[in-house]
């Protein structure tokens with residue numbers, strides 16, 4: 001077997017399908033695991049028992065987000081969710097200072113700029129039986145209406161973005177087939193989501209992929225306590241936590257650091273509670289492993305009593321994302337197939353692995369297998385008309401529509417330029433240079449006003465006018481900062497378009513734009529290459 005693949009949202013609305021088909025085209029065979037142990041979704045302010053629904057992915061103050069790992073669709077060239085903390089570095093000020101000068105609150109700033117064009121299934125994270133609800137706990141009857149709704153959203157999006165008659169006809173053909181495939185998923189309503197996704201995937205995969213379908217939990221069924229990394233954390237807790245936290249610090253990956261005073265561990269326990277699959281955090285308490293009211297003795301060698309764990313309803317102990325990608329590629333594991341720029345935590349995982357290897361504690365046996373489509377590059381071969389989303393039209397110019405080849409060229413150029421500009425704005429010198437160049441007129445006006453104000457303030461008769469000029473300066477500064485914020489926001493939006501290099505609903509977009517021939521080109525020209533911690 002050449003690889004293992006693990007995906008949330010294992011549907012045609014995500015890049016899991018083209019990833020598997022590209023691997024098959026180039027002779028790879030493997031196992032695709034439908035994610036079932038991750039938290040299903042989260043929604044700000046929700047509580048156990050609340051309804052689930054489709055919402056835009058977004059952030060709130062403190063980095064909290066509405067997000068859903070179960071089912072989602074990102075609109076073609078749509079906005080990515082934005083944590084407005086990103087404004088701090090290019091603008092050279094804290095969110096508090098920024099919002100005070102703009103005359104708004106931090107929450108209003110999030111509301112204005114954080115929502116994305118990624119529509120996802122969200123709901124309360126906590127289950128009514130305790131613990132976080134997992135993807136594997138969801139039932140077919142809960143998911144089907146939202147799957148149909150997202151297929152319809154994808155259809156509407158493509159009809160809007162691909163206005164040519166031929167593209168619209170291909171969109172309708174795809175949509176009818178997608179609905180048919182979904183309708184053929186004949187499972188009992190109480191069947192769990194993994195079985196639903198596997199059945200749906202079998203109908204969506206257009207090639208004999210040479211891949212079998214499984215679940216993430218099945219990777220750990222036979223040895224759910226025999227995890228070398230878990231053993232290391234349980235026998236060398238302080239040392240491993242220090243390495244883990246250092247890896248996060250060095251790479252800037254936004255995962256919470258481990259608090260050793262609380263016994264934090266980068267693992268969680270999967271419980272079967274009243275037939276419900278939920279997960280809960282676990283903590284290190286010296287010679288004990290804890291989760292809620294449960295305590296299990298840790299052996300001197302880091303071993304755990306499997307009988308005791310099973311008695312308390314534990315189905316498995318699984319590493320969080322950063323640990324999982326190391327565990328899967330360890331002894332007895334497999335290469336892990338990931339899309340280009342997939343899994344944002346990989347830099348930290350590689351940094352952690354380098355530290356473990358240097359200390360002689362752990363070394364992966366298999367690489368990451370990256371799949372890169374260069375989808376935007378492939379669009380250069382098409383002459384179709386594309387209507388970009390409104391926010392992108394505003395950033396690119398005044399055109400309503402573009403030829404695909406021209407749009408792709410423009411996006412690739414502007415994306416690279418935006419990335420470089422944001423890098424320059426991250427330094428004080430860069431901000432002075434670029435803001436001085438882009439806002440020379442406004443800055444000159446402010447200098448002239450300040451000079452006039454100073455002249456007037458030295459005399460009693462001029463102080464009233466000086467105060468009026470001061471008020472005008474504050475308003476001019478507020479408007480200038482607003483324009484600078486808009487510019488930085490545009491740069492971030494352009495930079496984030498790299499997402500569409502290899503992510504999103506690549507199969508339906510390709511079929512709508514260029515039919516089976518173009519989609520075949522996307523698959524056959526996919527770059528598949530090995531990557532390990534020394535390459536990062």
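Every number in this text was worked out from the coordinates using simple rules, so none of it is lab data. Small disclaimer: the values here were computed from a predicted structure and weren't measured. Virtual Cβ from ideal backbone geometry, glycine too; neighbours counted across all protein chains shown.
Some values worked out for this structure:
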read-out: Estimated FRET transfer efficiency (residue 44, residue 460; beta-carbon r; R0 60 Å; 0.05); value: 0.65
read-out: Distance histogram for segment 391-498 (every C-alpha pair counted, 5 angstrom bins, percent rounded to whole numbers); value: 2, 10, 16, 16, 13, 11, 10, 7, 5, 4, 3, 1, 0, 0
read-out: Degrees, to the nearest 10: 440-457 long Cα axis against longest axis of the chain; value: 50
read-out: Full-stretch length increase - residue 295, residue 239 - with 0.36 nm per residue and alpha-carbon distance subtracted; value: 17.9 nm
read-out: Sorted by Cβ neighbour density within 10 Å, fewest at the top, the residues 91, 468, 513; value: 468, 91, 513
read-out: Spacing of the two label points (7 Å from each Cα toward its C-beta) at residue 409 and residue 86, in nm; value: 2.8
read-out: Mean projected area in nm² (Cα convex hull; one quarter of hull surface) for segment 47-129; value: 6.6
read-out: Nearest-0.05 FRET efficiency for residue 228 and residue 272, computed from C-beta distance (R0 30 Å); value: 0.75
read-out: Label corresponding to percent of Cα pairs over 42 Å apart when calculated from the structure given, among [x] 18; [y] 27; [z] 48; value: [y]
read-out: Residue 177-residue 473 FRET efficiency (beta carbon distance; Förster radius 56 Å; 0.05 resolution); value: 0.35
read-out: Rough spin-label spacing in nm, given labels placed 7 Å along Cα→Cβ, for residue 401 and residue 535; value: 4.0
read-out: Value of relative contact order over segment 391-498, rounded to a whole percent, pairs C-alpha under 8 Å and six or more apart; value: 39
read-out: Extended-chain gain in nm, criterion 0.36 nm per residue less alpha-carbon gap, residue 159 and residue 102; value: 16.7 nm
read-out: Extension gain, residue 250 back to residue 61 (0.36 nm per residue minus Cα-Cα distance, nm); value: 65.7 nm
read-out: Tilt relative to the chain, helix 463-495 - C-alpha long axis, 0 to 90 degrees, to 10; value: 40
read-out: Residue 450 paired with residue 420, simple spin-label distance in nm, labels 7 Å along Cα-to-beta-carbon; value: 3.1
read-out: Length-normalised contact order of the chain in % [C-alpha pairs under 8 Å, at least 6 apart]; value: 20
read-out: Cα long-axis angle, helix 346-358 against the chain (0 to 90 degrees, to the nearest 10); value: 60
